[in-house]
Structure formats: C-alpha cells, structure tokens
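Values quoted throughout were computed directly from the atomic coordinates according to the rules given, and no laboratory measurement underlies them. As the structure is a computational prediction, the values presented were derived from the model and not from experiment. Note that each Cβ is placed from the backbone with ideal geometry, even for glycine, and that neighbours are counted across all protein chains shown.
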Amino acid sequence: GEDVEQSLFLSVREGDSSVINCTYTDSSSTYLYWYKQEPGAGLQLLTYIFSNMDMKQDQRLTVLLNKKDKHLSLRIADTQTGDSAIYFCAESIRSGNTGKLIFGQGTTLQVKP
Amino acid sequence: KAGVTQTPRYLIKTRGQQVTLSCSPISGHRSVSWYQQTPGQGLQFLFEYFSETQRNKGNFPGRFSGRQFSNSRSEMNVSTLELGDSALYLCASSLGDTQETQYFGPGTRLLVL
C-alpha cells in the first residue's frame, strides 16, 4: 500500500532542536523528501535522501533514514521562529518510467521565542 | 533560473462552471505533475505529463483533465465544478528522466461557491 504517516504537531523553543518523524510503507521508494509549506504558499523542497543512504546533512538539517523500519526523520538544529511552518514528508512511488509523490499529513512546527 | 509559475493565483467560480489552470515548469524540465491540497484529504496526486503525454494518473474523476504543450507548459481543466473541488492546486516540475525530484509552484487557490 501507499501510506505516509506523520505526527501532526510539534512545539519547540527558539534555539532548541526540532525532530519531525515520518513512517512510510512502500519499500521500493527510491527517494524520500522533506518539503516545507508556509501559510498561503506552495511547497518548498528542503532536502531529500536516496534510499541507499542512512543519513544526509545539509547545514542545519539532518535527515536520518531507517530503511528496515521504514522510518524517516528530519532534525532542524538551532530552530528559529522563521522555521515555523508545516513540514511534509513524501515518498516517491515509481512505476516504470513514471512516478508520483505520496505525502504525509504534514507536521505543524510551532517555534516559541 | 526562474521557478515554477502558476496562473492564476486565485480563482472564484460557481458550481457547474469549468476552470482552466496553467503551469510553466522550470526551464529544461519536461515533466509536470499536478496535486490537489485540501484540509480534509491533504495532498493528492492528480496526474503527470511528460513530452505532451499523460504518463500517470491518480484517482480522480474524469472531470479532471490536463494537457501539456510542446514547450512543456501544462494546463489542467476541471469541468462541472463541485463545492468539494475548492482546494489549492499545486503544479510541480522535474527533469523527467532518472532525476525525479519535483519542484513546486506557489499554487492556484480555487474557491467554488
């Protein structure tokens, strides 16, 4: 089946680390993505990880992938008020030469000053 | 490089009408995908076009259709609008080959009255 699950809400204090978790079901996913959506805006690609990797770091962002448990996490170091947004985890479902993204419900990150 | 652009940004229609939304992908990208975002159903895949051909389709009724032009620009059309079609419609572009990472536009917010 195609399903991606995320917790709905996370609240942290400015300067703390945020960890957003995601589980997915399709073991054949090649890429897994994190997108950010601010109010009234589209989706901004934050980072992605190839399925044969365990970890990827990009400045304040760290993505961890546990392929055995189909678990993905996004850690934001030194969280800022500007990081307040909805974060979506997505898996890429391939079928032949085409693909589509299956999204989680989104995690609302609230950063308190 | 300019990002993905979508027009119009906002649209108000009444039930029974039809609507056409437009998407211009990132220069050089040949694949365009469309997604519908609603509070209840989240982000759902509508269809994908590549080289003027529909390569993949989600579980939406036939009232939802699309096309792609030779310059990779894409349009989606919704006929006989229903209240439940009110949503943010997001377009995403990718290179279309093995690099499948999708970049999203700002979306078109459609309100059906």
GNM of chain A, Cα pairs under 10 angstrom: of A:ALA90, A:ALA77, A:ALA41, the biggest fluctuation goes to A:ALA41
Hydrodynamic calc, chain A: Kirkwood Rh from Cα pairs, then Stokes-Einstein at 20 °C with viscosity 1.002 mPa s, so D in µm² s⁻¹ is 151 µm²/s
Taking the dipole of the protein assembly as shown about the Cα centre (Lys, Arg +1; Asp, Glu -1; charges at Cβ), the one of A:ILE20, B:PRO25, B:ASN71 that reaches farthest to the positive side is B:ASN71
Expressed as a whole number, the average count of other chain Cβ atoms within 10 Å around the Cβ atoms of B:34-43 is 3
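Please state the relative contact order of chain A as a whole percent: Cα pairs under 8 Å, 6+ residues apart?
Numbers: 286 pairs, mean separation 42.2, N = 113.
The value is 37 percent.
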Mean other chain Cβ within 10 Å across B:101-107 is 6
In a Gaussian network model of chain A with springs linking alpha carbons closer than 10 Å, the residue among A:THR30, A:THR47, A:THR79 that fluctuates most is A:THR30
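Round to the nearest 0.05 the FRET efficiency obtained for A:SER27 and B:THR101 when R0 = 35 Å and r is the Cβ-Cβ distance.
Values: r = 20 Å, r/R0 = 0.57.
The computed FRET efficiency comes out at 0.95.
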If one builds a Gaussian network model of chain A from Cα atoms under 10 Å apart, the most fluctuating residue listed among A:PHE103, A:PHE88, A:PHE50 is A:PHE50
Taking max minus min of the Cα coordinates of the protein assembly as shown on each principal axis, largest first, gives extents in Å of 49, 39, 36
Number of Lys pairs in the protein assembly as shown closer than 30 Å at Cα, excluding neighbours under 8 places apart unless interchain, is 26
Per the rule of 0.36 nm per residue minus the C-alpha distance, extending B:THR53 to B:LEU113 adds in nm 18.4 nm
Note on region B:8-113: the mean projected area of its alpha-carbon convex hull, in nm², is 6.2 nm²
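Could you give the dipole magnitude of chain A about its Cα centre, charging the beta-carbon of Lys and Arg +1 and that of Asp and Glu -1, in debye to the nearest 20?
Details: 11 positive and 13 negative charges, 29 e Å.
Rounded to the nearest 20 debye, it is 140 debye.
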Rounded to one decimal in nm, the spacing of the 7 Å Cα→Cβ label points at A:SER17 and B:ILE12 is 4.8 nm
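Give the calculated FRET efficiency between A:THR81 and B:SER70 to the nearest 0.05, with a Förster radius of 41 Å applied to their Cβ-Cβ distance. The partial results should precede the final answer.
Working: r = 45 Å, r/R0 = 1.10.
Given R0 = 41 Å and the Cβ-Cβ separation, E is 0.35.
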